[in-house]
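First up is the structure itself, then whatever we jot down about it.
The values are calculated or read from the model by the stated rules, or taken from the named source; none is laboratory data. All values derive from a computational prediction rather than experimental measurement. Note that we place each Cβ from the backbone using ideal geometry, even for glycine, and neighbour counts take in every protein chain shown.
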Amino acid sequence: MAAALLHCCVLPLSLALLLITIGCVSGEGNEVNNERQSVLRTDKTSRELNQAADSSPVQYALAENHAVGGRKLALFPEVGPITTGWSERLLGSLYSILHFWNSPLDIIRRPSQEKDEATAHGASTPADHNILFILGDSLFDAANNLYLNESNYSIGSYPYGFTYFPNATGRVCDGRILPDFIAEYANLPFIPPSLQPVGDFYYGANFASSGAAVLDSDSSSGLNVLNLKGQVIQFKELAAKWNETLGADTTRQVLAKAVYLFSFGGNDYHSYYKNFYDEDSSPTPSEQEQFVKYIVGNTTDALIEMYELGARKIAFQNVGPMGCIPECKTEFPKFNGSCVPDLLSMPTLNNKELNKTLTDLAERLEGFKFSIFDYFITLMDRIENPSDYGFVYGSTECYSSSSLCEYPSAYVFFDDGHPTQSVNEQLAKLFWAGDLSVTSPYNMKQLFEESND
């Protein structure tokens with residue numbers, strides 16, 4: 001009923017605005033579609049670029065990326081400086097309305113739909129289906145920083161989100177982030193941000209916060225942030241509420257069945273290295289090793305705290321190749337555009353120490369199971385060999401403060417520190433069902449299927 005009412009109310013408004021602006025945008029959709037068809041192969045298995053009449057690389061994405069969401073951003077035909085005049089803002093708003101009835105419609109329905117589903121289950125509890133909890137940084141944030149920072153947050157506006165959603169959602173991406181795909185593969189709806197005022201956490205909660213670190217320190221961006229400690233506190237508060245409503249035994253069962261997806265560490269190593277760089281210095285190998293042990297040790301403390309509440313199945317996306325992301329290449333210019341060595345060595349040390357630590361926990365803690373996805377290797381391979389995976393640009397971002405590409409699916413990075421939706425989907429598939437070369441000792445599909453006996 002709610003979805004039907006929404007349809008009836010919004011569709012007339014969409015049509016009215018379309019009639020008002022038809023003189024300006026008539027035929028635009030056909031032009032976009034024709035352009036796509038002229039520059040993209042229909043053979044979804046080919047990794048070769050389609051050599052269209054206009055062979056400028058930004059004009060096309062590879063076929064398989066188009067197949068998983070290679071939408072052209074907005075109605076702006078030009079690629080270059082972003083303007084923010086009234087006419088551009090109007091076109092941006094119109095774009096949201098004109099594309100409202102595409103695949104993102106289920107997202108608009110989702111909040112009320114979740115409540116209807118929860119009611120329809122009657123006496124059932126979250127223990128009757130898959131449950132996903134998400135903790136992490138900007139790679140996993142699904143809007144918590146929007147609630148923490150309100151209007152002082154550029155991620156809450158165009159062009160973020162517009163490859164898939166009808167408007168910006170607080171995700172630091174052109175569309176969906178990796179946890180969105182994991183939820184889909186687990187037959188779950190989008191997991192709501194924990195700070196959502198009327199959030200329905202029947203299927204889990206997303207505690208991730210952009211800028212979050214393992215250490216409880218202030219964000220370098222000046223934004224309000226939920227670090228690991230704050231996210232664990234929120235998890236404990238949700239567990240306490242479930243204890244009251246479901247009872248202690250059922251809550252314990254729910255928390256043991258759930259899968260906990262983590263992404264932490266990148267911001268810690270970035271901040272640590274920046275302190276040295278600003279002093280024209282670098283951390284020694286022994287200093288790096290000591291700091292890594294400190295970060296992984298604090299992470300371990302959080303995991304044990306959650307284990308004591310009932311958490312059993314842990315999935316980690318390890319720290320990526322920080323030194324090779326566009327942001328770090330720009331921020332630390334003395335390397336002349338090359339990767340920053342210390343921001344490759346520390347993540348490498350972290351990932352080895354994390355694997356060792358989780359293996360030890362699995363041996364010591366009854367029922368503890370884990371999965372580690374090798375984000376470092378899989379992302380680095382796409383940076384160095386983009387065409388092998390259907391991309392044109394491996395180390396140049398689609399969106400910066402002064403320019404915006406047309407086809408994000410041609411890029412590994414959407415902005416200077418975060419992958420595009422196309423990359424997120426590829427990596428999520430590996431995390432979900434990859435072999436031991438990329439995710440071990442379990443992949444996420446196996447982790448969801450594992451019993452707690």
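Quick look at the numbers
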quantity	calculated
Filter result (closer than 18 Å to Cys339 by Cα and in contact with an Asp or Glu (Cβ under 9 Å, 6 or more places away or on another chain)) within segment 351-404	Asp381, Arg382, Gly394, Ser395, Glu397
Residue satisfying condition, being part of a helix (DSSP H, G or I), modelled with pLDDT of 95 or more, buried (at least 23 other Cβ atoms within 10 Å of the Cβ) and among the acidic types (Asp, Glu), within set Asp174, Asp268	Asp268
Scan of segment 243-275 for residues that are touching a Ser or Thr at 6+ places or on another chain (Cβ under 7 Å) and either free of Cβ contacts under 8 Å to residues at least 60 places away in the same chain or of a type in the set (Asp, Glu) (or both), ordered by number	Asn243, Ser271
Some residue of segment 132-154 being closer than 18 Å to Ser400 by Cβ and assigned to a helix (DSSP H, G or I)	yes
Candidate set from segment 222-254 (those that are buried (at least 24 other Cβ atoms within 10 Å of the Cβ) and in contact with a helix residue (DSSP H, G or I) (Cβ under 8 Å, 6 or more places away or on another chain)); member that is farthest from Glu305 (Cα to Cα)	Val225
Residues of segment 434-453 that turn out to be of a type in the set (A, V, I, L, M), touching a residue at least 60 places away in the same chain (Cβ under 8 Å) and surrounded by fewer than 24 Cβ atoms within 10 Å (Cβ to Cβ), as a count	2
Sole residue being among the hydrophobic types (A, V, I, L, M, F, W, C), part of a helix (DSSP H, G or I) and within 15 Å of Lys369 (Cα to Cα), chosen from Leu447, Leu430	Leu447
Considering residues of segment 180-202 that are closer than 15 Å to Lys429 by Cα and touching a strand residue (DSSP E or B) at 6+ places or on another chain (Cβ under 9 Å) only, the residue surrounded by the fewest Cβ atoms within 10 Å (Cβ to Cβ)	Ala186
Scope segment 386-413; condition within 15 Å of Leu427 (Cβ to Cβ) and in a loop (DSSP other than H, G, I, E, B); matching residues	Gly390, Phe391
Residue check for Asp280: in a helix (DSSP H, G or I), more than 24 Å from Ala428 (Cα to Cα) and without any contact (Cβ under 8 Å) to a residue 40 or more places away in the chain	no
Residues of segment 397-414 that turn out to be at pLDDT 95 or above and of a type in the set (S, T, N, Q), as a count	1
Count of segment 328-353 residues which are assigned to a helix (DSSP H, G or I) and within 17 Å of Met380 (Cβ to Cβ)	14
Of all residues making up segment 198-221, the number that are without any contact (Cβ under 8 Å) to a residue 24 or more places away in the chain and of a type outside the set (S, T, N, Q)	3
Per-region count, segment 376-387, residues under 25 Å from Asn351 (Cα atoms) and more than 18 Å from the chain's Cα centre (by Cα)	4
Segment 217-265: number of residues that are in a loop (DSSP other than H, G, I, E, B) and under 30 Å from Leu349 (Cα atoms)	14
Tyr411 being free of Cβ contacts under 8 Å to residues at least 24 places away in the same chain, of a type in the set (Phe, Trp, Tyr) and surrounded by 22 or more Cβ atoms within 10 Å (Cβ to Cβ)	yes
